[in-house]
Structure formats: C-alpha cells, structure tokens
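Worksheet for the structure shown next.
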Amino acid sequence: MNQHFPNQRFLISGATLADGTHTDLLVDDGRIAETGSGISARGAEQIDAHGLLALPGLVDLHTHLREPGFETSETILTGTRAAAAGGFTAVFAMANTSPVADTAGVVEQVLTLGETAGYATVRPIGAVTRGLAGEQLAELGAMAASRAQVRVFSDDGMCVSDPLLMRRALEYVKAFDGVIAQHAQEPRLTVGAQMNEGTLSGELGLAGWPAVAEESIIARDVLLAEHVGSRLHVCHVSTAGSVDVIRWAKARGITVTAEVTPHHLLLTEDLVAGYDARYKVNPPLRSSEDVQALREALADGTIDIVATDHAPHPAEAKDCEWDAAANGMVGLETALSVVHASVVESGQLNWSDVARVMSHTPAAIGSLSGHGEPIAAGAPAEFTLYDPSATRRISTADLAGKATNSPYLDRTLPGRIVATFHRGHPTVLDGNLVDFQNGTEALGG
Ligand SMILES: [Zn+2]
C-alpha cells in the first residue's frame, strides 16, 4: 500500500491497449483488479481514457540519477519525477555517482532513496570495477546479495577495456544470472574525441570518435561472452557496423542484448555544425545511414530495447565552448515521444512492439519483477496513459528533472503522457506531476 494514497481505487474507462482493443481498468490495492467494458465501481475515482493508449509502465535500463554526489545535476527524487513524467515506472540507476556504486552500502542507499521518493522503482546498477578505475573488480557478489539485489553491472561512462577484467566480470555474474552492461568505447581510439569521425568532423575541425572504437569492443565482448557462457548487454549502440556485429553474434547463439537511445534513433551528426553543446553526447550523434540501420535493427530484434541514457547536467556544463562542454542529454521526459516520432510514425514498430522494447524486455534483461507485464487483471498497476494524437512543442516546462539539457527544446514531438500509475497510484494525473505533499503541480502547458 502506498503511504501517500491509502485505500484509493481508480476506474479508468475506455482505454486502448497496445493491441488496439478497448477496455476499462479497475485499479485497487496496487493491482489491476478487473478489466473489460462497463465496469462500475462505486466510490472509485473516475478517469476518462477514451482516445488514450494504456501501455505497461516504461522501464529504463540506463538512467543517470546523479545521487549520491552530483545533486546539482539531479537527485533520485528529481530524476524519478522526470521518469514518471515520461511514463516510466522503473529505472535502473547507473553507478557513476560519488561515491561510485561499487559496494553493498552504496547500492542499498540508492535503493532506499528511490523507495522514499515514491515516483518509480529504482534499481541500482553496480559498478564492474572499484571506483570505475578499470583495475580491480568491485564487490559484485556483495551487491548481488544485498537488499538491492543488483543484477546489472556497468562502468558506464567508462569502458571496461581490459579484456581480462571483462572476462572475469562475465564469469563472476553467472553465479546469480547477472549481466555486464558495457559502454563500448575503445579508449585509445577515442582520446580527445568530440564528435562522430567522418567528413563533417574534418570540416568542423573537431576530433573524431570513429565507429570502429565501438564496434571493436562489441566484437571482443560478444566473443568473451560466448567463451565463458555469460550474458552481455551492450549500452547505447550507435553505428551500423555495431548492428552487424550484434546480428552476427545473435545468429551464432551468443547471449547478447543491446539497447539504442531515443536520440540515436532520431538525431544525426549534422546538428553538431552549429556547435550547440546540447547535441554533444557520448557515443556521439552519427550519420543518417547509422540512424536507419539502428531503426531497422530495433524493428527486427537485433537491438532489443530502447534505453534513455538520461544524463542531466547543470546549465554551466553545457553553456560553454563545444570542446569544454559535458557529454549527455536528458531523455526520460521525451523518450516515448521520440520513439513515436522515429519508429512508430515510420511504421517500423507498432504499440505492442513499443511495450516490448520499452517495458517488457528491459525488465527481463534487468531481472526486475513486477514491471513489464501486459495490462491484464491481476497484473501490478504499473502503467501509463498516453495521448498519441497530441503534439507538443517541447519547452523547459516539459522537463520535470533538475536539468534542461534536452536536444528537443523548441522541437515539436508527437504524443503526451496524461497519467502514470506506480504501485496502484498516480504519479502523473491529467498531465500534471502529482506532488505527494501538496497535491498536483503544473507540468507542461
Ligand atoms: Zn555510456
């Protein structure tokens, strides 16, 4: 029972499910108690969902919540409010905090802060190596055995470039069906890199980040995963060549999964030409050929999921020269709209596919129960109501986290989150974030 809303029931009428069927949903005691048409429930709060799509609560396998240590960028409270605003009910928090999430103590602290905030389930990701230094394995077993039950391990932000450490990490996590999520970036090939390596980087005079620096690490790691019989997950795949390697690995039977970010599905390197640091991200925006390959790979299952790589930064980290600016973009609040614009409008994914790649499969990769289940009687009440016919011009008012480093500001995107339910209670209602202390507050508009 949610401490904020004791004993409240909700009757959602006329929602459209991902498969196109229409239903009412009765939400009671943290579950979807009943589905069907014409449900009556005396005393329940009524929500008219005609024209709205009901999707299972989105699950983000790759979120930077910045706490502990970088609370000027984001906190677990503000980051999970951004998640709720984007239709997410669960996020996996990356380990590159300060202190690094490399011990049972830190991951339990992150778990507790998420529970206290109440806006989404927060599952900590544990670091692969101590302090992300790439020298010694972190306390993988202790983090797995902790109350946080860590199953996903990543040095994200850094690549586990030492092949022996990567092998040992893959071997270690087999004992508890863990997975190593690799930020695939060969460090020596990307020293000083500022954007995608190609004709444009030459014209702009910016140091290039070559596709081979990603592809060579993925190729090595799928072979290591095969050799030790363990699970590998590839973070933010960004090139057509990486897709080819993963497609080959899957055909060979290697247990590899992969994610693509919303921004790599929509944006291209051309945006860098204005030297606007909102478009600076790692891995960098790539060519339109890469974008097409990533969309096709998501459609044919070579890439398994969409993950945001939500990376909040304070304004001063972006309002500076390109070379000095931080890498990263916020993405939770706009992820579903960007997926809608990039692969739903093109006909490559339908809404059932979206539920799979943004909810079911990320929960499965992260061994997260209670999320990602189809909307049906008896399922946990973790879902979002989305208006696919809406359009909105993105402004800072749409951003619910602390940071405003969105590449979509002033861009028009389809769709709008109308409500999000977490543990049977709304975190977003009527398009407004629910403030658990003071009622609702404005979001958007
Ligand atoms: Zn990364």
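The values are calculated or read from the model by the stated rules, or taken from the named source; none is laboratory data. Treat the numbers as computed from the prediction; the structure is a model and nothing was measured. Counting neighbours? That spans all protein chains shown, and the Cβs are built from the backbone with ideal geometry, glycine included.
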Number of positions in segment 295-323 that are assigned to a loop (DSSP other than H, G, I, E, B), closer than 21 Å to residue 409 by Cβ, within 16 Å of the ligand (Cβ to nearest atom) and not β-branched (Val, Ile, Thr): 4
Any strands (runs of 3 or more DSSP E) falling wholly within segment 47-133 and containing at least 2 residues that are closer than 23 Å to residue 329 by Cα and modelled with pLDDT of 95 or more: 58-63, 88-93, 121-124
Hits in segment 224-241 - residues which are in a helix (DSSP H, G or I) and either acidic (Asp, Glu) or in contact with a Pro (Cβ under 9 Å, 6 or more places away or on another chain) (or both): 224, 226
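Residue-by-condition table, conditions (1) surrounded by fewer than 23 Cβ atoms within 10 Å (Cβ to Cβ); (2) acidic (Asp, Glu):
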residue: 300; (1), (2): yes, yes
residue: 306; (1), (2): no, no
residue: 309; (1), (2): no, yes
residue: 314; (1), (2): yes, no
residue: 319; (1), (2): yes, yes
residue: 365; (1), (2): no, no
residue: 371; (1), (2): no, no
Selection within segment 288-332 - among the basic types (Lys, Arg) and touching a residue at least 60 places away in the same chain (Cβ under 8 Å): 318
Residue match in segment 180-189 (condition: more than 16 Å from the ligand (Cβ to nearest atom), within 19 Å of residue 305 (Cα to Cα) and in contact with a helix residue (DSSP H, G or I) (Cβ under 6 Å, 6 or more places away or on another chain)): no
Selection within segment 132-146 - surrounded by 16 or more Cβ atoms within 10 Å (Cβ to Cβ) and closer than 17 Å to residue 98 by Cα: 132, 134, 138, 139, 143
Which numbered condition residue 254 misses (of (1) over 21 Å from residue 343 (Cβ atoms); (2) under 22 Å from the mean Cα position of the chain (by Cα); (3) surrounded by fewer than 22 Cβ atoms within 10 Å (Cβ to Cβ)): (2)
Tally of residues being within 16 Å of the ligand (Cβ to nearest atom) and either outside the structural domain of residue 322 (by TED's automatic domain parsing) or part of a loop (DSSP other than H, G, I, E, B) (or both) across segment 244-294: 8
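This table checks each residue for (1) of a type outside the set (Val, Ile, Thr); (2) crowded, with 24+ Cβ neighbours inside 10 Å; (3) more than 16 Å from the ligand (Cβ to nearest atom).
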site	(1), (2), (3)
61	yes, yes, no
75	no, no, yes
91	no, yes, no
94	yes, yes, no
99	yes, no, yes
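Quick grid of which residues meet (1) under 15 Å from residue 285 (Cα atoms); (2) among the basic types (Lys, Arg); (3) not in a helix (DSSP H, G or I):
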| site | (1), (2), (3) |
| --- | --- |
| 175 | no, no, no |
| 192 | no, no, yes |
| 201 | yes, no, no |
| 206 | yes, no, yes |
| 214 | yes, no, no |
| 218 | no, no, no |
| 222 | no, no, no |
Conditions (1) under 19 Å from residue 225 (Cβ atoms); (2) surrounded by fewer than 16 Cβ atoms within 10 Å (Cβ to Cβ); number of the one not met by residue 185: (2)
Test set (1) surrounded by fewer than 24 Cβ atoms within 10 Å (Cβ to Cβ); (2) in a helix (DSSP H, G or I) - residue 41 fails condition number: (2)
